[in-house]
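No value in this document is a laboratory result; all are computed from the given coordinates. As the structure is a prediction and not an experimental result, all values here were calculated from the model.
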């Protein structure tokens, strides 16, 4: 059972204990983290046509997006990746905070489970994408607890270059949930965004990042009510729960070794 039942638009609970000094410094030092261009107004997004089969990037990624697709279908049962709406292409990785990877990896004991569950390794094993390193995922008995800071932020670890890149930050009106590598130099990040601060509407998003040309290509779903959108959050929590149980089972089989 997962304890967090917070609706979209409310912030995550504060962390119960302080993370490492290096991690805290990195989080406070991202220049322009809150100044990223937001999505178009809701009405304009709804008027945008679905990409259909004309977007080769989305069409080619359809299979790899299947886990996230099933999560969002809890809110929009007829959803398919081809029904996403293209927003724009923008520069990426240019305002991130880059530091030596040894300051954040291996993660502290507190963040180990988060790094295991909310992560994906690139096909060549050079990079490790952490979907949201501001979260804490912990278990006690039959309960899984998800807590963390109000903001949400992905982290890109370069094991070959020995660096970490805190390349984006999402405020309290949005969050990063899930990600997958589409190639050794391209990955997708998915999450949710509320339409306005006091709005009762929200949508999910997919951002496809390219390391080759340092760009991000953004797509959004159609808007749904916060009440309907909570089904998406519940599906994501169920996915986190299943990943946590798998880790527990593996530790049990290996006598305490993750």
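Normalised by the number of residues in the stretch 103-258, the average gap of Cα pairs under 8 Å and 6 or more apart makes the relative contact order 14 percent. Straightening the chain between residue 247 and residue 183 buys 20.5 nm, computed as 0.36 nm per residue apart minus the Cα-Cα spacing. Counting Cα-Cα pairs of the stretch 79-123 in 10 Å increments starting at 0 gives whole-percent bin shares of 18, 28, 33, 21, 1. Once divided by 2.2 N^0.38 Å, the Cα radius of gyration of the stretch 139-258 becomes 1.24.
Length gained on full extension, residue 80 to residue 120: 12.2 nm, using 0.36 nm per residue less the C-alpha separation. Classification of the stretch 42-253 by its C-alpha gyration tensor yields an oblate form. The axis ratio a/c (a ≥ b ≥ c) is 1.5 or more, and b/c is at least a/b. Look at the Cα gyration tensor of the stretch 213-258: its axes a ≥ b ≥ c give a/c of at least 1.5 with a/b at or below b/c, and that counts as oblate.
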